[in-house]
Amino acid sequence: MSKYDPLNEMMLYRVLKKIKKISLVLLSLFFIFSSLLLFFILYLQAKPLPKTTIEQTSFIYSMDGEVIDDLYSGVNREYIPLSKISKSLIEATIAIEDRKFYSHFGLDLIRIGGAVIEDIKQMAKVQGASTITQQLARNLYLTLDKTWKRKVDEALLAIQLEFQYSKDEILEMYLNQIYYGHSANGIQMAAKTYFNKDAADLDLAESAMLAGIPKGPSVYSPFKNLEKAKRRQKQVLTSMVAVGYITQEEANKAYQEKLIFKNPNEKVNLASAPYFRDYIVSLVKNEYGIEEEQLYQGGLKIYTTLDSKMQKAAEETLANRLPKDRLLQGALISIDPTNGFIKAMVGGRDYQKSQYNRVFAERQPGSSFKPILYLAALENGFTPVSKFKSEPTVFTFGQNQTYQPTNFGNRYPNREIDLRYALTHSDNIYAVKTHMEIGMEKLVEMSMKLGIDKDLKPYPSLALGSQEVTPFEMAKAYATIANQGKRIEPTAILKIEDVNGNVLYEKKEIIETEVVSADSSFILTYLMEGVFEQGGTGYSVSDRLNRPIAGKTGTTDYDAWLIGYTPQLVTALWAGYDQNEKLVEGDSMISKEIWADYMKKAHQSLPLQLFTVPEGVISLYIDPESGKIATEDCPNPRLEAFVKGTEPTEYCDLHQNEDKEPKPIEPPKNESFWSRLKYWWKQ
């Protein structure tokens with residue numbers, strides 16, 4: 001039995017006491033550290049992240065879903081959800097950038113430790129160990145300086161991101177934020193820039209190629225150094241094998257795949273309808289109150305009325321038909337008269353050389369203005385057989401002022417002609433006489449009703465289109481006539497959505513205002529169909545138009561016009577020179593050919609359609625010479641349309657056979673059928 005030793009007991013007591021004290025200190029330190037850590041975590045969790053905006057490209061779409069153009073200032077990016085990014089690209093990015101992405105809390109402590117040791121060895125910040133979350137934090141909030149302070153800030157912000165967003169949300173932001181070179185920010189723009197496809201459609205080989213670029217876009221871009229890009233692609237594929245995303249066989253096959261790159265020299269961001277694009281931008285900013293910053297950085301989606309096929313046809317026709325040896329300009333606008341939708345717009349021959357949109361240029365419309373005059377006349381007692389004598393005439397107006405117009409080439413029938421003949425042959429004397437007869441204010445009033453906003457003056461020369469208007473206004477006026485007198489304001493934008501899909505603007509209804517009777521509008525349309533018949537000023541191009549079509553030409557010393565329509569489409573075409581140069585021989589014919597060629601192309605997918613005859617209109621055969629009801633004895637009967645109650649009631653007596661009672665010619669019982677047959681036969 002051992003002997004009791006008080007000294008040992010004392011020493012043991014002291015050791016235990018010291019251990020207790022150390023334990024208490026350690027416990028206190030642990031408690032303090034835990035409290036501080038908890039407080040720090042709660043602080044980071046509660047602290048709001050710095051404000052940042054991910055700039056996104058806005059897009060303008062045609063009505064058939066084609067991208068007209070993209071709008072951005074500095075940063076070209078289209079933000080897409082993770083669900084629209086191919087799985088292979090997501091896996092390739094994680095494998096090469098951050099294999100433990102889904103298991104760490106924003107920082108990879110093992111990688112950081114290794115990087116710190118290497119930095120200490122080199123006495124400089126040489127090795128990176130940033131996770132995907134850290135890279136996102138740096139791209140969103142920080143600079144790219146290689147300093148310890150920036151790394152600390154980056155780590156803290158990464159932890160905050162992990163607290164406030166899910167892993168998938170962080171990955172989605174990262175893939176939409178990072179730079180892939182060649183002005184491509186985010187994976188969607190990268191996929192389009194390098195492979196001309198959406199991110200959702202990338203295959204394994206393409207994904208591995210793109211995933212390797214962000215480490216050094218200037219080094220690993222396949223456009224700059226394909227050899228280095230392929231080595232980087234192989235490294236990405238090897239990482240994917242190591243993680244278990246793919247097999248070695250799949251990696252080998254992807255590496256051997258021949259990649260089809262988009263041509264890097266191909267012009268980018270070139271609008272398919274540049275003049276229309278500029279018009280849309282102007283509307284968005286000035287009519288809908290959207291700030292320029294939101295327009296160019298907010299990822300808006302702007303849906304328009306443009307028909308991409310009609311637009312292409314318009315651009316190609318002007319490019320092919322305008323002469324190469326002189327600077328004859330052209331402008332074209334097409335509108336669907338039934339709803340006011342702008343279907344095509346070309347403002348000049350070359351947008352790269354001149355951005356001036358001549359669709360909105362004020363020019364003299366010449367005789368293309370006469371249908372507006374004759375519509376006013378039809379609303380004030382005129383009929384298609386109303387007559388005036390066409391001969392050299394001096395008109396007196398105002399305070400004994402005189403006006404002496406001339407017909408083209410100084411050619412005059414020197415006899416009475418009716419409204420149809422005057423319109424078809426573009427007789428100036430008849431037009432001015434009509435203008436003076438109904439009162440010159442009537443033409444000004446009708447112009448305003450149809451949508452011409454210019455402050456026109458009631459002068460005799462206005463009947464001949466002497467005052468300047470725009471092709472846009474003329475198209476709007478003709479569209480009202482084509483729509484049976486119901487005016488609809490032209491529409492270019494159907495809907496605007498913000499980046500989150502919220503609707504900022506949407507056109508929900510078509511507002512029609514009846515400004516002219518349907519009966520008078522149809523009578524005028526029926527008269528203008530004669531412009532494309534033998535003897536009419538548009539007859540030279542009528543062989544290209546195998547369907548009902550109405551319109552009017554107009555020529556001044558400086559301007560050549562053709563404005564016309566079918567029931568489905570109104571097109572105004574102007575040609576001329578910017579610097580008030582006179583037209584040369586053949587320029588007016590070029591304008592007709594452009595219009596006719598375009599209208600033929602624009603209607604290729606549209607069914608043949610007749611102009612609707614209102615209930616208040618009747619048709620009967622008349623004798624053009626007498627203006628009375630034609631009989632079987634009349635040599636040149638003409639089927640004419642009248643508003644009920646205005647038609648002739650007397651039979652022609654110039655060709656009457658006194659031995660028998662006059663017998664009128666019956667109009668076709670099914671005029672619609674015979675009209676269709678006529679156009680089908682021409683096709």
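The values are calculated or read from the model by the stated rules, or taken from the named source; none is laboratory data. In this text the structure is predicted, and so the values were computed from the model without any measurement. Cβ: placed from backbone, ideal geometry, glycine included. Neighbour counts: every protein chain shown. SASA here: full protein model, heavy atoms, side chains in, ligands and nucleic acids out. Shrake-Rupley method; radii C 1.70, N 1.55, O 1.52, S 1.80 Å.
If you roll a 1.4 angstrom probe over the protein chains with everything in place, what fraction of the accessible area of region 340-432 belongs to carbon and sulfur, to the nearest %? Whole-percent figure for carbon plus sulfur exposure: 43. Considering helices alone, the calculated mean residue ellipticity of the chain at 222 nm is -12500 deg cm²/dmol, with DSSP H runs of length four and up weighted by -39500 (n - 2.57) and normalised per residue. FRET efficiency for the pair Tyr558 and Met63, taken as 1/(1 + (r/R0)^6) with r the Cβ-Cβ distance and R0 = 51 Å, rounds to 0.90. Pairs with C-alpha atoms separated by more than 31 Å, drawn from the list Lys457/Lys592; Lys167/Lys285; Lys230/Lys312, are Lys167/Lys285; Lys230/Lys312. Of the Cα atoms belonging to region 167-289, the radius of gyration and Dmax stand at 17.7, 58 Å. For Lys663, a cut-off of 18 angstrom between C-alpha atoms picks up these aspartates and glutamates, skipping any fewer than 8 places away in its own chain: Asp623, Glu625, Glu632, Asp633, Glu640, Glu647, Glu650, Asp653.
The solvent-accessible area of Lys20, taken with every protein chain present and a 1.4 Å probe, is close to 130 Å². Using a simple spin-label model with pseudo-atoms 7 Å out from Cα toward Cβ, Lys508 and Asp201 lie 3.6 nm apart.
Rounded to the nearest 10 degrees, the inclination of helix 226-243 to the longest alpha-carbon principal axis of the chain is 60 degrees. Partner aspartates and glutamates whose Cα lies under 16 Å from the Cα of Lys644, excluding those fewer than 8 positions away in the same chain, are identified as Glu379, Asp519, Glu615. Over the chain, the hull volume per residue, using the convex hull of the C-alpha atoms, is 254 Å³.
Between Lys215 and Ser619, the FRET efficiency estimated from the beta carbon spacing at R0 = 51 angstrom works out to 0.05. The peptide list 599-609, 470-480, put in order of mean Cβ contacts within 10 Å with the highest first, becomes 470-480, 599-609.
Of the residues Leu639, Leu562, the one with the largest accessible area comes first in the ranking Leu639, Leu562, computed with a 1.4 Å probe on protein heavy atoms. Annotation for Asp653 and Glu169: the two label points, set 7 Å from Cα along the Cα-Cβ direction, are 9.3 nm apart.
Rounded to the nearest 10 degrees, the inclination of helix 167-177 to the longest alpha-carbon principal axis of the chain is 60 degrees. Take the Cα coordinates of region 488-596, assign each an equal point scatterer, and use the Debye formula without solvent to give log10 I(q)/I(0) at q = 0.11, 0.12 Å⁻¹. Relative scattering, expressed as log10 I(q)/I(0), comes to -0.53, -0.60.
Heavy-atom accessible surface of region 457-518, averaged per residue, reaches 41 Å², computed with a 1.4 Å probe.
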